[in-house]
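The values are calculated or read from the model by the stated rules, or taken from the named source; none is laboratory data. This one's a predicted model, so the numbers in the text were calculated from it and none came from an experiment. Using ideal geometry, Cβ is built from the backbone for each residue, glycine included, and neighbour counts are taken over all protein chains shown. Just so you know, the surface numbers come from the protein's heavy atoms only, side chains and all, with ligands and any DNA or RNA stripped out. Shrake-Rupley method; radii C 1.70, N 1.55, O 1.52, S 1.80 Å.
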Amino acid sequence: MPLRIDFVTIFPSMFEPLLAEGIIARGIKQGLLDVHVWDLRDFATDKHRSTDDEAYGGGPGMVMLAEPVLRCVEAIRAEAAEGGDAAILMTSPQGRVFTQAAARDLASRSWLIFLCGRYEGFDERIREALQPDEISIGDFVVSGGELPAMVIADAVGRMIEGVVGNSVSVEEDSFFRGLLDYPHYTRPEELRGMRVPDVLLSGHHEKIRKWRKEQALRATLRKRPDLLDGAELDEEAQAMLRRIREE
Ligand code: SAH
């Protein structure tokens, strides 16, 4: 069964590039992802197809109407009645902050429904009715949930076995093992006086493996030392880290 992903939005055309090119498009073509984009306006209750209204209590900015969102989620659930239980993900700066671990967890689900907000966000009763998993891409505010939903879907999609051509490359990405990635080089061997480290040209696989492991530790210590507290380090890595710290 492919992972099913539904996006609920007032800007469905924003998703066209996501479905046309790149990792998500590839996953769809391979039958590993089943992606649907829903236009919230189709579920409006008035002839103007409204999806937002002024805030009770006054103040600037509009609020997303609850009824179209609830109707749309009902329609999605009805369409995929056999699809099992969907995780409803409400994009929101107030949600738990998305991480690689969360991406892996979501990739193990069978069905994800993303709610993309706009304006001041959603009528609070959408939270009450759907009890969504509120999810944020970081402690800042962007103007809509479409980009956050695409960011999350991309990170989740590439975790699905087969979507990225080489699963080893996913496992070596930053954060997968709690460390940052090691540095990468490609042709030419020398660029404007800067040389590729000799070890990478040596063809000595064991030396290359060790060098990369040590470089990943060095990068993490230099750029994101906070990650080392949560990283699972094997004995070799612990010994390397002790040595690096002594320098
Ligand atoms: N007034 C709201 C922000 C609304 S921004 C608040 O302060 O909580 C409009 C929409 O953009 C939100 O409903 C959400 O869908 C999306 N959004 C904004 N920042 C986000 C973030 N960091 N992560 C995920 N979604 C975000």
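Some notes on this structure:
- Dividing the summed -39500 (n - 2.57) terms of all DSSP H runs of n ≥ 4 by the residue count of the chain sets its mean residue ellipticity at 222 nm at -11500 deg cm²/dmol.
- Accessible area of the chain divided out per residue, in Å², using a probe of 1.4 angstrom: 59 Å²
- Sites A129 and M62 - FRET efficiency at Förster radius 22 Å, r taken between beta-carbons, to 0.05: 0.65
- Cβ charges +1 (Lys, Arg) and -1 (Asp, Glu), total dipole of region 3-157, debye: 380 debye
- Most tightly packed first, judged by the mean number of other beta-carbon atoms within 10 Å of their residues, the peptides 162-175, 111-124 read 111-124, 162-175.
- Dipole check for region 175-246: with +1 at the C-beta of Lys and Arg, -1 at the C-beta of Asp and Glu, and the Cα centre as origin, the magnitude is about 260 Debye.
- Part-to-part distance (alpha-carbon centres) for region 99-121 and region 122-161, which is given in Å: 5 Å
- Label point distance in nm, V141-D198, each placed 7 Å from Cα along Cα→Cβ: 5.6 nm
- With one equal scatterer per alpha carbon and no solvent term, the Debye-computed log10 I(q)/I(0) for the chain at 0.08, 0.17 1/Å reads -0.43, -1.24.
- Peptides 42-49, 202-209, ordered by how many other C-beta atoms sit within 10 Å of their residues on average, highest first, read 42-49, 202-209.
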